[in-house]
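Okay, so here's the structure we're looking at.
Just so you know, all these numbers are worked out from the coordinates, no wet-lab data involved. Remember, it's a predicted structure, so these values are computed and weren't measured experimentally. Neighbour counts are summed over all protein chains in view; Cβ atoms, including those assigned to glycine, are modelled from backbone coordinates with ideal geometry.
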Amino acid sequence: MRTSRRRISSSTVPRGRARVENGQLRISLLGTCTASSGDVPLDLGGPRQRAVLVVLVLARGEVVPVERITEAVWGDHAPADPAGALQAYVSHLRRRLQPGSAARTRSAVIVSEGRGYAVRLPPDAVDVWRFERLLDRSGTTDAATTAQILGEALALWRGPPLAEWADEPWAEAEIARLGELRAVARERLLEARLELGEAALLVPDLETMVAEEPLREERWRLLVLALYRAHRQADALTALRRARTTLADELGVDPGPALRELEERVLAQSPDLVVPTQRTRAPVAPPPAEPVLAPDDLLDRNREMRAVRAALDGLAAGEPGLLLIEGPAGIGKTRLLTEARRIAGERSVRVLTARGSQLEKAFGFGAVRQLFEPELAVPERREALLAGAAVSARTVFDLAPGESPDGSFAVLHGLYWLAVNLTADGPLVLAVDDLQWCDSASLRWLAYLVRRLDAVPVLVVATVRTGEQHVDEELLTELSMEPVAAVVRPAALSLEATADLVARRLGGPVSPLFALACHRTTSGNPLLLRQLLRGLEADAVRPDAAHADMVVAVGSRAVSSMVLMRLRRLPAPAPVVARAAAVLGDGASLPAVAALAGLSEAETAAGLAA
Ligand SMILES: Nc1ncnc2c1ncn2[C@@H]1O[C@H](COP(=O)(O)OP(=O)(O)O)[C@@H](O)[C@H]1O
Ligand SMILES: [Mg+2]
């Protein structure tokens, strides 16, 4: 289900979602407590040692004071030196959880902070966390998606959770809480399936669930509804009576309002009972009207726009992703990214943006700061977003100019949690233009992020210029190989689109020879075509056959200068600007030179002045 949506077209490279990362740490508590690294099961040691890990995992990254851990693990039978004994367990656990790592990097999963310990794990690393996130999400989508999400969530359960510590006071509350969440998940799943029209099929399941826990009114409600919709009105009424009797006998109470209301509607044979009612748990955005695929002035981009929309649709359904827009300079990558931002904006999805630039390539986390700093402007919000596991990201934003933050695992992880925290209000789009010029630390973080997006509603949309050697070639390749990555490669404009643009700029009618000359000269590259047309317009050239030769003459200079593009990347702005200006010819506009050079307009202006 997840991969198919990315099969958008032949040039959108689909990638399976099989998670085969080496060493991805997984901890499972929904059943016997186990851990694995990739496919390799990890031995976590004896029950006390495992209890230490479980206590920390259940705290979800919050620091747990030493006293609380020792109290949970030893109760009244504390050893002489509980802190020392605990430290020994922690160091054993570290060794077992990160078997391949060097001793000094082993503290990445269990960190010590102040007088306590905390785990640092991505949210999909622990089945309980994943289960809770899925359950949260299930309340906000349509019935079909809800059913799918809950099916996935319940499949994480392999048995009673924390069973080996069932008698331990510290585990009791958690066991009860998880049991309740599972019960709710099962009820919601059946409710969703009922909305999907499966009434008759669900009756046996609901009977079983009612028998398991006859005091849960929601189960009776669903059973009555299923019976009624399966055209078994008499059975529905009998079930209602059974519910009444059970509640009266066991608790001495009448059914609650939901069940009473249903009873009235069944007795009245209310017509709205048979029509599956839309769920109202959370406001669901109205489905967008089938959109015009591409705006008027964006030619030949229906396929690419479909990929963009598919990625955003996926995000709306809670699916994370990475959409890479790849291609040579001027092909229209930034323009597609702008469209993605526009559509996200129309759907009220939060978009954070950054742009790589040759001049800022050396600044550690420059792109990350561009992304997040606007969100951190208000002090209270900054505090909230950089709390909990995101604390270790603070150093990135607290730096004095010129200082470089370290790119340690803790910082990457903190930034990751910052992104996770931002998704508390809804899905998030990170739009990064010119990824190839982003600083290495930010690239590394993006790679870290997308590898851990399993249940986090974040879509990264990024453009990458191809056809040149980049410093971080390997990181870029790695990103494009991620299982969640989809790649869009905007194609050259067709002859028809070229003729269309010519007509818009120079007025019609356009001679086919003239259009062909424009197409050949620019190879259908939108940036070059726009520049060419700008020059022709300035000279008031008419698009007729007689002027076709002239196009070749004007354009050839630009085309021959394309060779310059292939020259070695030059670090200083002046040569970069000079090169871009040469490519575009005398009529080049500042934005066009800036786009080609990968600099901001201000940088470009400075470069031109140099
Ligand atoms: N499909 C298209 N149809 C018409 N104009 C386009 C199209 N794609 C891009 N452009 C225009 O061409 C120019 C270069 O596009 P841009 O997105 O900046 O290229 P890139 O980011 O790939 O270097 C911009 O003026 C843009 O508006
Ligand atoms: Mg661009």
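The figures follow:
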quantity: Qualifying residue in segment 537-553 (condition: under 24 Å from Ala329 (Cα atoms), within 14 Å of ligand 1 (Cβ to nearest atom) and not aromatic (Phe, Trp, Tyr)); calculated: no
quantity: Options Glu71, Glu113; residue that is surrounded by fewer than 16 Cβ atoms within 10 Å (Cβ to Cβ) and of a type in the set (Asp, Glu); calculated: Glu113
quantity: Per-region count, segment 320-347, residues away from ligand 1 (no atom under 13 Å from the Cβ), surrounded by fewer than 22 Cβ atoms within 10 Å (Cβ to Cβ) and part of a loop (DSSP other than H, G, I, E, B); calculated: 1
quantity: Filter pass, Leu443 being within 24 Å of Arg350 (Cα to Cα) and in contact (Cβ under 8 Å) with a residue 12 or more places away in the chain; calculated: yes
quantity: Selection within segment 348-357 - basic (Lys, Arg) and either within 16 Å of ligand 1 (Cβ to nearest atom) or more than 14 Å from Pro427 (Cα to Cα) (or both); calculated: Arg355
quantity: Condition check for Ala367: in contact with a strand residue (DSSP E or B) (Cβ under 8 Å, 6 or more places away or on another chain), among the aliphatic types (A, V, I, L, M) and buried (at least 17 other Cβ atoms within 10 Å of the Cβ); calculated: yes
quantity: Identity of the residue in segment 447-456, part of a helix (DSSP H, G or I) and in contact (Cβ under 8 Å) with a residue 40 or more places away in the chain, that ends up surrounded by the most Cβ atoms within 10 Å (Cβ to Cβ); calculated: Val450
quantity: Pairs with Cβ under 9 Å, 6+ apart, first in segment 457-486 and farther than 28 Å from Asp313 by Cβ and in contact (Cβ under 8 Å) with a residue 40 or more places away in the chain, second part of a strand (DSSP E or B) and within 16 Å of ligand 1 (Cβ to nearest atom); calculated: Gly467/Gly327; His470/Val464
quantity: Pair list, Cβ < 8 Å and 6+ apart or interchain, from segment 332-354 residues that are at negative phi and without any contact (Cβ under 8 Å) to a residue 60 or more places away in the chain to residues that are assigned to a helix (DSSP H, G or I) and buried (at least 19 other Cβ atoms within 10 Å of the Cβ); calculated: Glu339/Met305; Glu339/Val308; Ile343/Val308; Ile343/Leu312
quantity: Val429 vs. criteria buried (at least 22 other Cβ atoms within 10 Å of the Cβ) and among the β-branched types (Val, Ile, Thr); calculated: yes
quantity: Arg489, sole failed condition from (1) away from ligand 2 (no atom under 16 Å from the Cβ); (2) touching a residue at least 40 places away in the same chain (Cβ under 8 Å); calculated: (1)
quantity: Looking only at segment 295-319, and only at residues there that are more than 20 Å from Ser494 (Cβ to Cβ) and part of a helix (DSSP H, G or I), the one that is farthest from ligand 1 (Cβ to nearest atom); calculated: Ala316
quantity: Filtered residue count, segment 424-442, keeping only those that are over 12 Å from Leu476 (Cα atoms) and more than 16 Å from ligand 2 (Cβ to nearest atom); calculated: 8
quantity: Residues of segment 355-375 that turn out to be within 16 Å of Leu418 (Cα to Cα) and among the polar types (S, T, N, Q), as a count; calculated: 1
quantity: Helices (runs of 4 or more DSSP H) contained entirely in segment 168-282, each with at least 1 residues that are aromatic (Phe, Trp, Tyr) and in contact (Cβ under 8 Å) with a residue 12 or more places away in the chain; calculated: 169-195, 217-229
quantity: Condition met for Val396 (of a type in the set (A, V, I, L, M, F, W, C), closer than 16 Å to Gln370 by Cα and in contact (Cβ under 8 Å) with a residue 60 or more places away in the chain); calculated: no
quantity: Residue match in segment 490-505 (condition: buried (at least 19 other Cβ atoms within 10 Å of the Cβ) and closer than 25 Å to Asp313 by Cα); calculated: yes
